[in-house]
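Each remark here refers to the structure printed beneath this line.
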Amino acid sequence: MSKQNVEAIKLQSQGLRGPLDEELRNSDSFLTEAAKQISKFHGIYQQHDRDDRKQEIKQWSFMIRTRIPGGQLTGQQYLALDALASEYANDTLRVTTRQTIQFHGVIKTDLKNTLRRINHALLTTLGACGDIVRNVVACPAPTTDPQRLAVQGFANLLSAALTPQTRAYHQIWLNDEPMVREDPVDEPLYGRTFLPRKFKIAIAFPGDNCVDVFTNDVGLVALFDGQNRLEGFNVLVGGGMGLTHNNEETFARLADVVGFVKPEQVIEAVSAIVTIHRDYGDRTNRKHARLKYILHDWGVERFIQVLQERLSFEMQPARPMPEFQIHDHLGWHEQGDGKYYLGLPIENGRIADRGGVWLRTGLREIIHRYHSPVRLTAQQNLILVDIHPEQRAAIEALLTDHHIQAVEQFSGARRYGIACPALPTCGLAITEAERALPGVLDELEMVLAELGLLDDPISIRMTGCPNGCARPYVAEIAFVGRSLEKYKLYLGGNLVGTRLAEPFLDLVHINALVPTLRPLLTYYRDYRREGEFFGDFCQRIGFERLHAVYTGVGETAAD
Ligand code: SRM
Ligand code: SF4
C-alpha cells in the first residue's frame with residue numbers, strides 16, 4: 001500500500017473510526033484495507049497462518065497488542081491476560097521487545113470480547129500499533145527509592161499525555177454506543193492524519209541501558225544529583241532500527257543527544273518532538289518517514305533549533321552521563337524494602353506450556369498463590385515482584401516442579417538472545433526467527449562449550465526480516481532474515497546497546513550460521529584481551545582481519 005493511501009485512510013477515518021465498526025458486524029473473517037489500517041491504531045493486526053501454504057482461502061486471524069507503559073502489571077492483570085490466551089488466542093502470551101503482551105490467533109468474532117476483557121483488567125490496546133506514539137518503555141527494575149519510582153512514573157505520564165483523544169475506541173469496542181460519525185475528532189496533538197509513522201519512546205536510568213534507549217525516536221536518560229535527587233533527563237532523538245535490504249536510503253540509526261530537560265519540562269519537550277515528526281516527517285514515502293530521517297536530513301543543530309522554537313523554556317545542553325553497564329535484571333535481587341524480585345528468562349518472550357516445560361502454568365500458579373506483581377522487560381523477560389524472603393524457597397520449588405529454568409541455567413548466549421516472532425504469524429517475515437533461534441543456540445552452545453566460552457555473555461539477536469523488531473543492529477551478533485532460510489550476518493554491536501553492528505556476510509544459510517561463527521569465536525578465545533566482549537573484539541580487530549580468519553586466508557595473528 002502506498003503512503004498516500006495510508007494517509008488518505010487516516011484522513012477519512014473520522015477519528016480512527018473508518019469502516020471498522022461496520023466490518024466487525026459483517027460475516028467476513030477478515031477486514032478490508034481501510035479497516036485493517038485503522039484497526040492497527042486500536043492495537044490489532046490482521047494475519048494469516050503462513051505455515052499453511054496450501055490454503056486456497058486464507059485462514060485469517062488477528063494479533064492483539066496491549067499497551068503496558070514501563071511493562072508494569074499487577075498480578076491480577078497478568079492472570080486476566082493469561083486467561084484470555086486460552087479463551088481467545090493460541091494458548092500463548094508473547095512478551096514483546098517493548099514490554100507489552102501480544103496475543104496471536106484471535107478470530108474476528110472474538111475481537112470485541114478480547115478487547116473488552118483487556119479493558120476490564122484496566123489495560124488498553126489503543127495506540128499499541130499504528131502511526132502514533134507506541135508503548136512507552138522504561139527500565140522495569142523494581143525499586144522502593146521514590147526518586148527512581150518517579151522516573152518510572154514518567155512512562156505512565158507520557159503515555160497518558162500522548163494517547164489519542166478520540167472516543168472511537170470506546171464506541172467500537174467497549175460501550176456499544178451508537179457510532180457518532182459527525183465527530184471527526186481533530187486530535188489536539190495528532191491532527192487528522194496522526195503521525196507519518198510510528199513513534200517510540202524509552203526511559204533509562206543512568207548506567208542502565210536495558211531498554212536500548214538509543215534505538216528509540218526519543219530516549220530519556222534520567223540524571224540524579226549527588227544526593228540521589230532526580231535533576232532531569234538527557235534527551236536523545238532520532239534512533240530507529242528498520243531498514244530495507246539493498247536500499248541505502250534506509251538505515252538503522254542511533255539517537256543523538258540533543259539536550260537536557262528538568263522533570264517538569266519532559267512532557268512539553270517530548271510533545272514538541274512529536275509535533276516536529278507530525279509536521280516535517282515524510283508523508284510521501286513510508287520508508288523515509290521515521291523521525292530518524294529528519295535528524296539525518298537536517299543534522300542535529302537544525303533539529304535543536306526547530307525544537308527550541310517550539311518550547312516555552314530554554315533547553316539546557318546535555319549533561320555528562322555515566323557509561324552504560326549490562327543489566328537485564330534477571331535472577332534474585334533485593335528490592336530495597338526487605339522483599340525480593342526474581343527476573344526469569346523467557347526464551348524469545350513466548351509464555352507457553354511446551355516441550356515438557358510448564359512455563360505458563362508455573363507462572364500462573366506462582367502469581368496466583370503469591371499475588372506477585374509482574375514486570376516485563378525489553379529483552380522479552382519477566383520479573384516477579386514483592387517476594388517475601390520466606391516465599392523464595394517455595395517459589396523455587398514451584399519453578400523446578402514446572403521445569404522452568406532459572407537464569408543460572410542459561411548460557412551467556414541464550415540469556416542475551418532475542419528473536420522476533422517472524423513465521424508463521426508475521427506477514428513481513430522472510431525467514432524463521434523465534435522458532436529457529438533456540439536450535440541455532442543449541443548448536444552454538446556446543447561450540448561455546450568446546451571453547452570455554454559458555455558462560456560469557458554474548459548478545460545474539462535474530463529477525464525474520466530487516467525491520468529490526470529484536471533490535472538486531474545493536475547486537476554483538478545478528479542474524480537478519482534475507483531470503484528463504486538465509487540470513488545477513490551482522491557483527492560488532494555491543495551488549496550495552498550503544499554501538500551499531502555492521503554487515504559481515506550476506507546470504508548465510510541457517511545451517512551455516514554456527515560454522516561461520518566458529519573460527520571467529522575461536523580467534524576471539526585465543527586473542528581477546530582480559531574481559532573483552534565479543535562485539536568489542538570484532539571492532540578492535542577489524543572486519544578485514546575477521547574475514548581473513550573466516551576464510552582461513554592470510555595473516556591472522558592478532559596484535
Ligand atoms: Fe516490530 C512491524 C512485531 C518491536 C520495527 N513488528 C511489526 C509487525 C507488526 C509486522 C507487520 O507490520 O505486519 C510484527 C508483528 C509480528 C507478530 O506476528 O507478532 C512486529 N515488533 C514486533 C514485536 C512483537 C517483536 C518482538 O519480538 O517482541 C515487538 C512489539 C513491540 C511492542 O510491544 O510495541 C516489535 N518493531 C519492534 C522494534 C523494537 C523496538 O521498538 O524497541 C522495532 C525496531 C525499532 C524501530 O521501530 O525502529 C520494530 N516492526 C518494526 C518495523 C520497521 C519500522 C521502520 O521504521 O522501518 C516494522 C514494519 C513497519 O512498520 O512497516 C514492524
Ligand atoms: Fe516480522 Fe520482520 Fe518484525 Fe520479525 S523483524 S516480527 S519478521 S516485521
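The values are calculated or read from the model by the stated rules, or taken from the named source; none is laboratory data. This is a predicted model, so every value here is computed, not measured. Cβ sites come from the backbone with ideal geometry, for glycine too, and all protein chains shown count toward neighbours.
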Query raised in the report: So which of Gly259, Gly242 is modelled with pLDDT of 95 or more, surrounded by 15 or more Cβ atoms within 10 Å (Cβ to Cβ) and under 24 Å from the mean Cα position of the chain (by Cα)?
Result: Gly242
Requested in this report: Please find, within segment 73-95, the residue that is nearest to Thr377 (Cα to Cα) out of those that are surrounded by fewer than 19 Cβ atoms within 10 Å (Cβ to Cβ) and among the hydroxyl-bearing types (Ser, Thr, Tyr).
Outcome: Thr74
Report task. Out of the residues in segment 454-493 that are of a type in the set (D, E, K, R) and out of contact with any strand residue (DSSP E or B) (no Cβ under 8 Å at 6 or more places or on another chain), state the one that is surrounded by the fewest Cβ atoms within 10 Å (Cβ to Cβ). Result -> Asp455
Query raised in the report: Are any residues in segment 351-368 within 16 Å of ligand 1 (Cβ to nearest atom) and touching a strand residue (DSSP E or B) at 6+ places or on another chain (Cβ under 6 Å), and if so, which ones?
Result: Ile351
Report summary line: Here the residues within segment 320-331 that are touching a residue at least 60 places away in the same chain (Cβ under 8 Å), at negative phi and either out of contact with any Gly (no Cβ under 9 Å at 6 or more places or on another chain) or surrounded by 15 or more Cβ atoms within 10 Å (Cβ to Cβ) (or both) are Met321, Phe324, Ile326, His327, Asp328, Leu330
**Report entry** Single residue of Arg53, Arg67 found to be more than 27 Å from Pro19 (Cα to Cα) and basic (Lys, Arg)
**Finding:** Arg53
Query raised in the report: Out of all the residues in segment 386-409, is one or more away from ligand 2 (no atom under 16 Å from the Cβ), of a type outside the set (A, V, I, L, M, F, W, C), crowded, with 21+ Cβ neighbours inside 10 Å and under 26 Å from Leu444 (Cα atoms)?
Result: no
Requested in this report: Considering every residue within segment 501-521, establish whether at least one is in contact (Cβ under 8 Å) with a residue 24 or more places away in the chain and either small (Gly, Ala, Ser) or within 16 Å of ligand 1 (Cβ to nearest atom) (or both).
Outcome: yes
Requested in this report: Being away from ligand 2 (no atom under 16 Å from the Cβ) and hydroxyl-bearing (Ser, Thr, Tyr) is the filter here, so list the residues in segment 79-130 that pass it.
Outcome: Ser86, Tyr88, Thr109, Thr114, Thr124, Thr125
Requested in this report: Out of the residues in segment 410-453 that are within 16 Å of ligand 1 (Cβ to nearest atom) and small (Gly, Ala, Ser), state the one that is surrounded by the fewest Cβ atoms within 10 Å (Cβ to Cβ).
Outcome: Gly427
Requested in this report: Scan segment 394-424 for residues that are within 19 Å of Ser61 (Cα to Cα) and within 17 Å of the chain's Cα centre (by Cα) and jot them down.
Outcome: Cys420, Pro421, Ala422
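Condition check ((1) of a type in the set (Val, Ile, Thr); (2) away from ligand 2 (no atom under 13 Å from the Cβ)) across all residues:
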position: Val440; (1), (2): yes, yes
position: Leu453; (1), (2): no, yes
position: Ile460; (1), (2): yes, yes
position: Asn467; (1), (2): no, no
position: Arg471; (1), (2): no, no
position: Ile477; (1), (2): yes, yes
position: Leu495; (1), (2): no, yes
position: Phe504; (1), (2): no, yes
position: Thr522; (1), (2): yes, yes
Query raised in the report: With segment 317-430 as the region, which helices (runs of 4 or more DSSP H) entirely inside it contain at least 3 residues that are touching a helix residue (DSSP H, G or I) at 6+ places or on another chain (Cβ under 8 Å) and more than 30 Å from Asp256 (Cα to Cα)?
Result: 359-370, 392-401
Query raised in the report: Before we move on, is Ile44 β-branched (Val, Ile, Thr) and under 28 Å from Pro373 (Cβ atoms)?
Result: yes
Requested in this report: Tell me, yes or no, whether segment 142-150 has at least one residue that is over 19 Å from the mean Cα position of the chain (by Cα), surrounded by fewer than 21 Cβ atoms within 10 Å (Cβ to Cβ) and of a type in the set (A, V, I, L, M, F, W, C).
Outcome: yes
Query raised in the report: For Gln335, are the conditions met, namely being in contact (Cβ under 8 Å) with a residue 12 or more places away in the chain and surrounded by fewer than 16 Cβ atoms within 10 Å (Cβ to Cβ)?
Result: no
Query raised in the report: Quick one: what pairs do we get from segment 448-476, first residue closer than 18 Å to Gln99 by Cα and in contact (Cβ under 8 Å) with a residue 60 or more places away in the chain, second within 14 Å of ligand 2 (Cβ to nearest atom) and among the aromatic types (Phe, Trp, Tyr), C-beta under 9 Å, 6+ apart or different chains?
Result: Pro472/Phe479; Pro472/Tyr490
Query raised in the report: Quick check: is even one residue across segment 313-323 touching a strand residue (DSSP E or B) at 6+ places or on another chain (Cβ under 6 Å) and of a type in the set (Gly, Ala, Ser)?
Result: yes
Query raised in the report: Of all residues in segment 10-55 being exposed (fewer than 15 other Cβ atoms within 10 Å of the Cβ) and acidic (Asp, Glu), which is farthest from ligand 1 (Cβ to nearest atom)?
Result: Glu22
Query - Candidates Leu122, Leu126 - the one that is closer than 26 Å to Ala80 by Cα, out of contact with any helix residue (DSSP H, G or I) (no Cβ under 6 Å at 6 or more places or on another chain) and at pLDDT 95 or above - result: Leu122
